[in-house]
Amino acid sequence: MKIAVLIKGVPDTASVIEVADDGYSAVTSGLKIVMNPFDEFALEEAVRIREKCGGEVKAISLGGDELMEPLRVALAGGADNATLIRKPPFDITERGISIILAKYLKKLEPDLILAGLQAIDLVGVQVPARIAEILGIPHASSVIKTELLDDKLRISRDLEGERRVCDLDYPALITVQKGINTPRYPTVPEVLKARKKQITDITLEELGVDEKQLQPGLVVESMTVFNPSRKRKILEGDLDAQVRTLVTAFTEEEHLF
Amino acid sequence: MPFLTVLQPGDRLRKSCLEATAAAADLAAAAEADLDAVYFGSGLEQNMDLLAGSGIRKVFLYDEPLLDTASEGQIAVIIESLVREMDHKVIVGSATTFGKELLASLSARLDAELVQDCIDVSWKNGPVVTKALYGGKVHAQLRFTENPALISCRPNVFPIRSSDGEMPEIVSMTAPMESNGIVFVEAEKPSTDMPALTEANIVVSGGRGMDGNGSWEILEKLCTEIGGALGASRAAVDSGWIPHSHQVGQTGKIVNPDLYIACGISGAVQHFAGMRESKIVVAINRDPSAPIFEMCDYGIVGDLFEVVPVLVEELRQRRS
């Protein structure tokens, strides 16, 4: 089976994010870029499926040089090879990203496309579904279990606590939820071997994407750092007094009940 | 050109869909546009009273039991043709797992822009939305420059309109359901009466301080007492004490209840990413230097196993 895994780079989760002086962009240069945590589960699931039925796992990213390290991590984690599609020099929205990735995937013709449920930085939650719709293939999000049937993929999804089971024809696209698996830690030999695996570079020109299609229909008006103000009242007295003060605050100050 | 609110299929109208409808109604009023709604499946009749006074002009109803379990892709095909026929300019839905996948599918079919999980919407010659980025550390205001504009609203943010007032007109629709390469097999509804984590007004979460998987009953009792949903930190989930579906944080659910009670949670930055927008945060922790106390409104330094039962008892007494 030919399996494609979409890998997004995100600032390390503990990064301090600042807003640039222009007031409408976040400062991300200089931050450590890592593989989006949800994509680790997608990669692991892809590798497990390949281990069951053979084939190839290709890791695919869109961006610049900052993606090389996350792609190396994907190769160490079991991907056979990787492709880095170079992003255009202007800002694009998730719509544009999806158009580019779909163009590449249409040529690649994978049997299965996996991605993380969402990216933890911009939480766009739309690129995978858009790609599937552009390609005209079935798709399902928030998958917590996969099962290979004869000629179909059976998946279980988590929908706000409801567990829903569906069968998908190939080719198909799924996004995976945390809990589907526990990603392996690559061994030192795997990490060294990954250094030798190939990462193919592709430009938009080579892909044949029309830049006019990528023009955003959304503009950033402003960006602000959000720090909710908190009362930080540490309650005093014995336990009973603390709890009484708390419940009184619930009703009288916060009007909660 | 009218606006459209998308009501999710199912046997009940989700609270989060009514919230998204209220946001859509405010936008439509500001833009002096009519608001339509679309509903799929067989459950609308017993829910009609919830739509009184909602600001909806017409409900396009696809009353077909098969649609109760249709996939987002299958439903997007039907909404696409409705939107193309009626020329809806702004399309609003709820940012549940299903709602997000549905709007993403629809936005691709319409080649339109979509902003998911918005926490504010307003109208300035077009929709302007606010979205939380980077684990909620940054808020971005985005303006649509094209039609149609697609928006999903984060649950528990937008107040619902009171349900009295004019009833919408029902327009019965039919549409063939295409298989689209996906077949529904079965569904298992949640086994508890607890509200969904992302839609709950109150969330009670446990962390490393829970010390194992046998002790969660103590938090469940508190949930039952105050109508809350049960959450957990990543540490508790990764220790195998509670399923991942309860996890709040960067790799779990993002919640914004009126009240968030963190029990035995130290307060890692990744946890804040999941509950930063909560209106009131209460922290119960043995360690007075835990970072959660810097980010709470009310803190009790103490053992959660001693504090929580006293809290449950106090709440029970006040109510009776």
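Straight distance only, please: which aspartates and glutamates reach the Cα of A:Lys196 with their own Cα at less than 16 Å, same-chain residues fewer than 8 apart left out?
Result set, ordered by chain and number: A:Glu69, A:Asp80.
Please list, by residue number, everything in segment A:224-257 whose backbone N is under 14 Å from a paramagnetic label point 7 Å out along Cα→Cβ of B:Gln317.
A:238-248
Pairwise over distinct Cα atoms, reciprocal of the mean inverse distance: report the Kirkwood radius of segment B:3-172 in Å, one decimal place.
15.7 Å
With a 10 Å Cβ neighbour count serving as the proxy for reagent exposure, in which order, fewest first, do A:Glu252, B:Glu199 appear?
On the way: A:Glu252 9, B:Glu199 19.
Least crowded to most crowded, the residues run A:Glu252, B:Glu199.
Which order do A:Phe38, A:Phe226 fall in if you start with the one that has the fewest other Cβ atoms within 10 Å?
A:Phe226, A:Phe38
Taking beta carbons within 10 Å but only from partner chains, what does the mean come to for residues B:284-295?
So the per-residue partner count for this stretch is 1.
Going by average Cβ density within 10 Å per residue, which order do the peptides A:113-119, A:154-160 take, highest to lowest?
For the peptides A:113-119, A:154-160, the packing ranking is A:113-119, A:154-160.
For segment A:91-244, give the share of DSSP beta bridges that are antiparallel, in percent and rounded to the nearest 5; count only bridges with both residues there.
60 percent
When the helix-only estimate is applied to chain B (DSSP H runs of n ≥ 4, each -39,500 (n - 2.57), divided by the residue count), what is the mean residue ellipticity at 222 nm, nearest 500 deg cm²/dmol?
-8000 deg cm²/dmol
Just check segment B:197-319 against the gyration tensor rule for me: Cα atoms, a ≥ b ≥ c as the square roots of the eigenvalues, rounded for a/c under 1.5, and otherwise prolate or oblate depending on whether a/b exceeds b/c.
Numbers: a/c = 1.22, a/b = 1.21, b/c = 1.01.
Rounded, because the longest to shortest axis ratio a/c is under 1.5.
Computed over the Cα atoms of segment B:1-97, what is the ratio Rg over Rh, Rh following Kirkwood?
Here Rg/Rh amounts to 0.93.
What percent antiparallel are the DSSP beta bridges of segment A:1-97, to the nearest 5?
If I count the DSSP bridges inside segment A:1-97, around 30 percent turn out antiparallel.
Given 5 Å bins starting at zero, what is the percent of C-alpha pairs of segment B:53-129 in each, up to the one with the largest pair distance?
Bins of 5 Å from zero give 3, 12, 22, 25, 24, 10, 3, 1 percent of pairs.
Provide the descending list of Cα extents for chain B along its principal axes, expressed in whole angstroms.
Between the extreme Cα coordinates on each principal axis of chain B lie 61, 42, 41 Å.
Any chance you could run the full-extension gain for A:Val27 through A:Thr187? It's 0.36 nm times the residue separation minus the Cα-Cα distance, nm to one decimal.
The span from A:Val27 to A:Thr187 would gain 54.2 nm if fully extended.
Name the long-range amide H neighbours of B:Gly206: under 5 Å, sequence gap of 5 or more, or other chain; modelled H, no Pro or chain starts.
For B:Gly206, whose amide H was placed from the backbone, the distant partners under 5 Å are B:Gly231, B:Ala232, B:Ser233, B:Cys263.
Does chain A come out rounded, prolate or oblate by the C-alpha gyration tensor, with a ≥ b ≥ c the root eigenvalues, rounded set by a/c under 1.5 and, if not, prolate when a/b is larger than b/c and oblate if not? Spell out each step's value before the answer.
Numbers: a/c = 1.89, a/b = 1.49, b/c = 1.27.
Judged from the Cα gyration tensor, chain A comes out prolate (a/c at least 1.5, a/b above b/c).
So if I take the centroid of the Cα atoms in segment B:1-72 and the same for segment A:201-257, what is the distance between those two points in Å?
27 Å
In nm², what is the average projected area of the convex hull enclosing the Cα atoms of the protein assembly as shown?
The orientation-averaged projected area of the Cα hull of the protein assembly as shown comes to 26.4 nm².
When a/c reaches 1.5 or more, the comparison of a/b and b/c decides; with that in mind, is segment B:151-218 rounded, prolate or oblate per its Cα gyration tensor?
Working: a/c = 3.00, a/b = 1.50, b/c = 2.00.
Oblate, since a/c reaches 1.5 and b/c is not below a/b.
Once you treat every alpha carbon in segment A:165-236 as an equal point and sum by Debye, what is log10 I(q)/I(0) at q = 0.20, 0.23 Å⁻¹?
For segment A:165-236, the Cα-only Debye profile gives -1.05, -1.08.
Between A:Ile234 and A:Asp150, how many nm apart are label points set 7 Å from Cα along the C-beta direction?
6.7 nm
Please give the net charge around A:Asp238, taking every other residue with its beta carbon less than 14 angstrom from that of A:Asp238, where Lys and Arg add +1 and Asp and Glu add -1.
-4
Can you give the log10 of the normalised intensity I(q)/I(0) at q = 0.15 Å⁻¹, computed with Debye over equal Cα scatterers of segment A:112-257?
For the requested q values the scattering log ratios are -1.05.
May I ask you to compute the full-extension gain from B:Ser289 to B:Lys124, defined as 0.36 nm times their residue separation minus their alpha-carbon distance, rounded to one decimal in nm? Let's see the in-between values first.
Working: separation 165, 0.36 × 165 = 59.40 nm, distance 4.54 nm.
In short, 54.9 nm is gained.
Can you tell me what share of the DSSP beta bridges in chain A is antiparallel? A percent to the nearest 5 is fine. Write out the running numbers ahead of the final one.
On the way: 18 of 44 bridges.
About 40 percent, rounded to the nearest 5.
Could you tell me the calculated FRET efficiency between B:Glu166 and B:Ala30, based on Cβ-Cβ distance and R0 = 22 angstrom, to the nearest 0.05?
0.70
Could you list B:Glu80, B:Glu169 in order of exposure, starting from the residue whose Cβ has the fewest other Cβ atoms within 10 Å?
B:Glu169, B:Glu80
Sum -39500 (n - 2.57) across every DSSP H segment of at least 4 residues in chain A, then divide by the residue count to get the 222 nm mean residue ellipticity, nearest 500.
For chain A, the value works out to -8500 deg cm²/dmol.
Would you check segment B:3-172 for Lys pairs whose C-alpha atoms are within less than 26 Å, ignoring same-chain pairs closer than 8 in sequence, and give me the count?
Step by step, the pairs that qualify in segment B:3-172 add up to 14.
Give me the number: length gained by fully extending A:Glu205 to A:Lys2, i.e. 0.36 nm times residue separation minus the C-alpha to C-alpha distance, one decimal in nm. Walk me through the numbers on the way to the answer.
Values: separation 203, 0.36 × 203 = 73.08 nm, distance 2.48 nm.
Taking A:Glu205 through A:Lys2 to full extension adds about 70.6 nm, to one decimal.
Coordinate-derived values only; no laboratory data. The model shown is predicted, which means the values in this text are computed figures rather than measured ones. Note that each Cβ is placed from the backbone with ideal geometry, even for glycine, and that neighbours are counted across all protein chains shown.
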